[in-house]
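See below for the structure under consideration.
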Amino acid sequence: TNWNNVRFKPPPNFESDIGWRVELRTIEAQLTAEECTAFSMFSYFVAEMIIKKELNLYIPISKVDENMQRAHKRDAILTEKFWFRKSIDKDSPDEWEEMTIDEIHNGKEGGFVGLFSHVYNFIQEEFGVDIQKEWQRKQQNKEMQVAKIVENMQFFDILRKRAKGELPTIARWMRGFVMKHPKYQKDSIVHPEIASDLITAMLAISDGHKTYHDFSH
């Protein structure tokens, strides 16, 4: 297995009813339930789509390692490019190219259509619902009743906006909070008062009393 990204986990013991599992290791716990749900639901649909449509997401392990190195850089989600397949269709040729996270998720003009497009098409095939159109109609009429699966659009929007830089990652938000704190002396030292205020702000966001935007100024 590629320990950096996934782990093939065996059952805990021979008597257990728990089967073999694939653990996604790159996902961190988020501050809000909505963010955690976004990553969980997107991962679920991608996994179901790979299994049922026998999609091919293989790239050389050397390029996976290169991606991991790039991912550790500051603001990599906006500034770096990552190796990804030109096509993930079942019988597509083994070709890959460098793309931004935005291009991988939301598509590239004249190239890869984006993981979200694949997920939207998969959901329409499986459930007979165009969740993009239904969500747009819901936004125009808040009283309108939609299928439960359509509500995933609110979670997908979180990931889509992060990929485009319209919403900050937690790491980027934390750096911004510290940099703007009146006690920060631009010396790379996070004093106890700064750390306390940061934790208080994070708890307020997690509890739903504040949003990231409330601390952006």
Charges at C-beta only: +1 for Lys and Arg, -1 for Asp and Glu. How large is the resulting dipole of segment 38-117 about its Cα centre, in Debye rounded to 20? 180
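Over the chain, what portion of Cα pair distances is larger than 24 Å, expressed as a whole percent?
Values: 12727 of 23436 pairs.
Cα-Cα pairs of the chain separated by over 24 Å account for 54 percent.
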So which GluC sites (Glu not before Pro) in segment 149-209 are both in a DSSP loop and have at most 13 other Cβ atoms within 10 Å of their Cβ? E166
In segment 94-174, which trypsin sites (Lys or Arg not before Pro) fall in coil by DSSP and have 10 or fewer other Cβ atoms within 10 Å? K142
Provide the solvent-accessible area of D94, counting protein heavy atoms only and rolling a 1.4 Å probe, rounded to the nearest 10 Å². 100
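Please give me the summed charge of the neighbours of L31: other residues whose Cβ is under 11 Å from its Cβ, Lys and Arg +1, Asp and Glu -1.
Every neighbour counted, the sum reads -3.
Based on the Cβ-Cβ distance from F8 to K108, what FRET efficiency comes out when R0 is 41 Å, to the nearest 0.05?
Numbers: r = 31 Å, r/R0 = 0.75.
Plugging the Cβ-Cβ distance into 1/(1 + (r/R0)^6) gives 0.85.
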Note down the magnitude of the dipole of segment 79-202 about its Cα centre, charges +1 on Lys and Arg C-beta and -1 on Asp and Glu C-beta and zero elsewhere, to the nearest 20 debye. 600
At 7 Å along the Cα-to-beta-carbon direction for both E15 and I27, put a label point, then send me their distance in nm to one decimal. 3.1
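Over the chain, average the accessible area per residue using a 1.4 Å probe and give it in Å², no decimals.
Working: 13990 Å² over 217 residues.
For the chain, the per-residue accessible area is 64 Å².
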Reachable lysines, given that their alpha-carbon falls under 30 Å from the alpha-carbon of K138 and they are not under 8 places away in the same chain: K52, K53, K108, K148, K161, K164, K210
To the nearest 0.05, what FRET efficiency results for D214 and D89 with a Förster distance of 30 Å applied to their C-beta separation? 0.10
Need one number: nm distance between label points at A47 and E34, each 7 Å from Cα along Cα→Cβ, rounded to one decimal. 2.5
So who's got an amide H within less than 5 Å of the one on S87, skipping anything under 5 residues away but keeping other chains? H placed 1.01 Å off N, in plane. E95
Taking segment 74-176, the whole-percent share of alpha-carbon pairs separated by over 22 angstrom is 43
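The values are calculated or read from the model by the stated rules, or taken from the named source; none is laboratory data. What you are looking at is a predicted structure, and each value in this text was computed from that prediction instead of being measured. Here Cβ is always computed from backbone atoms with ideal geometry, including for glycine, and neighbour counts include all displayed protein chains. When the accessible area is computed, the model is the full protein with side chains, heavy atoms only, and any ligands, DNA or RNA have been set aside. Shrake-Rupley method; radii C 1.70, N 1.55, O 1.52, S 1.80 Å.
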